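The values are calculated or read from the model by the stated rules, or taken from the named source; none is laboratory data. Since the structure is predicted, the reported quantities are computational estimates derived from the model, not experimental observations. Every residue, glycine as well, gets a Cβ built from its backbone with ideal geometry; the counts of neighbours run over all protein chains shown.
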């Protein structure tokens with residue numbers, strides 16, 4: 001049983017993805033956490049390509065790694081917190097319970113997944129996940145949610161300005 | 001062929017990392033980053049099932065999740081700035097005016 005190219009690529013993307021995700025919560029400095037998160041988004045985009053979600057992979061890089069992370073870095077640098085302001089992470093008993101509980105939840109989900117057995121992927125056509133196909137489904141079946149998203153983004157912009165501005 | 005189980009387990013791992021971050025981290029900005037990580041885990045699950053079922057509805061949902069994440073980041077970071085301006089801290093442990101004493 002050899003390793004196929006797809007399996008090799010999965011692990012090539014998955015292992016750095018898990019490492020960078022762990023880096024987000026290991027980093028003490030928010031700038032390092034943000035850079036870790038950017039790298040995690042790039043590896044995740046690779047996983048999306050493996051899932052033949054090409055449009056979503058590009059949206060992931062442009063919107064997440066581009067727009068959202070720039071916003072995060074702006075705020076991190078705007079506040080430019082010193083080490084004293086960041087303070088030390090205190091490990092309270094409640095936090096330890098939270099970590100142990102999350103580890104239990106993760107092992108529960110993974111066990112359930114393994115026991116349900118491997119499910120093969122269905123064969124998909126040539127245009128699965130392309131801009132044309134996803135655009136078509138967005139503008140037909142999901143037209144109302146798509147338009148509602150534009151209202152949501154408008155409300156978010158206005159809300160962000162109102163909340164962050166000192167005086168209106 | 002990579003089975004869908006691998007992708008789902010990877011998504012569960014990402015979600016767990018994000019959840020631990022939300023529980024443990026003090027800095028509100030890093031807590032927001034961990035929420036983004038959890039949203040990404042949900043997206044990965046949607047796309048994995050979309051690929052397995054051969055249906056593209058999951059792609060549309062993932063698209064909306066990304067839009068909602070962008071809105072959430074904008075409003076959330078505005079709140080962080082407002083809290084920093086009024087209280088001089090972004091530590092989630094120290095912002096406790098609404099806590100029941």
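Summary table below
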{"read-out": "Among (1) over 21 Å from residue A:90 (Cα atoms); (2) facing chain A (nearest Cβ under 7 Å) - the single one residue B:55 does not satisfy", "value": "(2)"}
{"read-out": "Some residue of the stretch B:80-91 being crowded, with 20+ Cβ neighbours inside 10 Å, within 27 Å of residue A:110 (Cβ to Cβ), within 7 Å of chain A (Cβ to nearest Cβ) and in contact (Cβ under 8 Å) with a residue 24 or more places away in the chain", "value": "no"}
{"read-out": "Residue B:9, sole failed condition from (1) within 25 Å of residue A:99 (Cα to Cα); (2) in a loop (DSSP other than H, G, I, E, B); (3) in contact with a helix residue (DSSP H, G or I) (Cβ under 6 Å, 6 or more places away or on another chain)", "value": "(2)"}
{"read-out": "Which listed residue, of A:162, A:96, is more than 7 Å from chain B (Cβ to nearest Cβ) and more than 30 Å from residue A:67 (Cβ to Cβ)", "value": "A:96"}
{"read-out": "Members of the stretch A:22-54 that are at the interface with another protein chain (Cβ under 7 Å from one of its Cβ atoms) and touching a residue at least 60 places away in the same chain (Cβ under 8 Å)", "value": "A:51, A:52, A:53"}
{"read-out": "Set B:60, B:42, B:67, B:73: member being under 20 Å from residue A:138 (Cβ atoms), in a helix (DSSP H, G or I), within 13 Å of the chain's Cα centre (by Cα) and within 7 Å of chain A (Cβ to nearest Cβ)", "value": "B:67"}
{"read-out": "Test: residue in the stretch A:63-82 that is more than 25 Å from residue A:20 (Cβ to Cβ) and out of contact with any helix residue (DSSP H, G or I) (no Cβ under 7 Å at 6 or more places or on another chain)", "value": "yes"}
{"read-out": "Single residue of the stretch A:121-136 satisfying the filter (surrounded by fewer than 13 Cβ atoms within 10 Å (Cβ to Cβ) and closer than 17 Å to residue B:49 by Cβ) that is nearest to the other protein chains (Cβ to nearest Cβ)", "value": "A:122"}
{"read-out": "Condition met for residue A:31 (at pLDDT below 95 and under 24 Å from residue B:30 (Cβ atoms))", "value": "yes"}
{"read-out": "Every residue from the stretch B:45-57 that is assigned to a helix (DSSP H, G or I) and closer than 17 Å to residue A:140 by Cβ", "value": "B:50, B:57"}
{"read-out": "Per-region count, the stretch A:84-105, residues in a helix (DSSP H, G or I), surrounded by 11 or more Cβ atoms within 10 Å (Cβ to Cβ) and modelled with pLDDT under 70", "value": "2"}
{"read-out": "Filter pass, residue A:78 being over 17 Å from the mean Cα position of the chain (by Cα), under 21 Å from residue B:89 (Cα atoms) and in a helix (DSSP H, G or I)", "value": "yes"}
{"read-out": "Given (1) over 30 Å from residue A:42 (Cβ atoms); (2) at the interface with chain B (Cβ under 7 Å from one of its Cβ atoms), index of the condition residue A:117 fails", "value": "(2)"}
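Each row is one residue, and each column tells you yes or no for (1) in the same structural domain as residue A:27 (by TED's automatic domain parsing); (2) closer than 17 Å to residue B:60 by Cα; (3) touching a strand residue (DSSP E or B) at 6+ places or on another chain (Cβ under 7 Å); (4) in contact (Cβ under 8 Å) with a residue 40 or more places away in the chain.
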site	(1), (2), (3), (4)
A:65	yes, no, no, no
A:73	yes, no, no, yes
A:81	yes, no, no, yes
A:116	no, no, no, no
A:142	no, yes, no, no
A:157	no, no, no, no
A:161	no, no, no, no
